[in-house]
């Protein structure tokens, strides 16, 4: 069969002889392929299969540079086998197709802003721990964990930390389930160990054993509790708070989003799902009266400490909208699940002049834009490639009251 396009999730799309769509990982648009014998799984309206042989390679196919991508079938990336220009075109098409199909919007594929760096951009990596292995999951065996040697999309400084840490794994919690390494904007490196049972009692010992020439903070994350610092400075950026893993590209997306609001001087602007206040800071620069809401108390506390000019509220957005002053404009940056229904209802029942939606998932963005379509017109959409080598894409939609 011939692969015709790349679907949400990064799988190639072809058709069986009966016309049924089939999804095949690690293929490129334009590939002529044979499926692996016995791999075809038929479902009611579609099928899935595994690549057996490339009969004729697409011009957009390249050799993946990461050994884990080929050898262990690492599921952290989905598009390393595509040239970067092909990745960008695939993501434009994914966003455009999703907005038309789910959102019922008459929109062309959006412009996409290419990444500042195609590699080594991630400021955070989370690894699973299972059966004495700490690493990532193969895409075709999600219950298995292979030991990680290097991640080519993760910052060199974190990979240097990981190489050093591997010599001291015995000092991590014995019941470790997940290990996260993170850089923060103040230059610190963080180790976040998630485990059940007793607290991480050897964190200080690990910190001293590593003899780092940089500031290192060790956190323990109970499986069913709040994270806390076990070794290192307990003040500063909260490493468990949400932050874009590609900070430079995240700032480009937020800056463009805020610019689309126009003149907001002395106007009330809601920053919903505002996190540590990065969008709020840009709005304050433009003279807005900002109300930033997020459910993460640590993120809100840090945002409040660095940006006293904005009003920060630690709560779920849907719980406090009725108590907020009426806005001139709203920026929303929800998690992958999209807007809570009550937030969508408030925005449609009392439309604002301008609404900017920053999304990490085209499907929930399309769903929410369809709900908002009753009282808003989509004026602009732009995609931003925050996650090169993966199928993920950030999208910003600009809406105005109809």
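A few comments on the model shown:
- Protection proxy ranking of 274-282, 1-9, 223-231, by the mean of other Cβ atoms within 10 Å over each peptide's residues and highest first, is 274-282, 1-9, 223-231.
- Percent of Cα-Cα distances greater than 13 Å, calculated over the stretch 7-64: 60 percent
- Stretchable slack from residue 259 to residue 205, in nm (0.36 nm times residue separation minus alpha-carbon distance): 14.6 nm
- Chain lengthening between residue 160 and residue 85 when straightened (0.36 nm per residue, less Cα-Cα): 24.0 nm
- Over the chain: helical MRE at 222 nm, DSSP H runs n ≥ 4 each giving -39500 (n - 2.57), nearest 500: -7000 deg cm²/dmol
- Computed from the alpha carbon atoms alone, the convex hull of the stretch 134-222 holds 107 Å³ per residue.
- Correct choice for volume of the Cα convex hull per residue in Å³ that was computed from the model, options (i) 152; (ii) 180; (iii) 197: (i)
- Distance in nm between pseudo-label sites at residue 198 and residue 226 (7 Å out along the Cβ direction from Cα): 2.5 nm
- Spin-label pair residue 309-residue 40: with each label point 7 Å from Cα along the Cα-Cβ axis, the two points sit 6.3 nm from one another.
- For the stretch 5-24 versus the stretch 255-321, the gap between their alpha-carbon centres in whole angstrom: 41 Å
- Diffusion of the stretch 102-166 by Stokes-Einstein, at 25 °C in a medium of 0.890 mPa s and with Rh set to the Kirkwood radius over alpha-carbon pairs, works out to 168 µm²/s.
- GNM result for the chain, Cα springs below 10 Å: residue of 41, 221, 260 fluctuating most strongly: 41
- Overall form of the stretch 244-390 per C-alpha gyration tensor (a/c, 1.5; a/b vs b/c): rounded
- Note on the chain: with a GNM built from Cα contacts shorter than 10 Å, the maximum mean-square fluctuation among 166, 265, 44 falls on 44.
- Applying 0.36 nm per residue to the separation of residue 175 and residue 97 and subtracting their alpha-carbon distance, the gain on full extension is 23.7 nm.
- Among beta bridges that DSSP assigns inside the chain, antiparallel share in %, nearest 5: 60 percent
Laboratory data are not the source of any read-out in this text; all were calculated from the coordinates shown. Since we're looking at a predicted model, the values are computed, not measured. With ideal geometry, Cβ positions are generated from the backbone for all residues, glycine too; neighbour counts draw on all protein chains shown.
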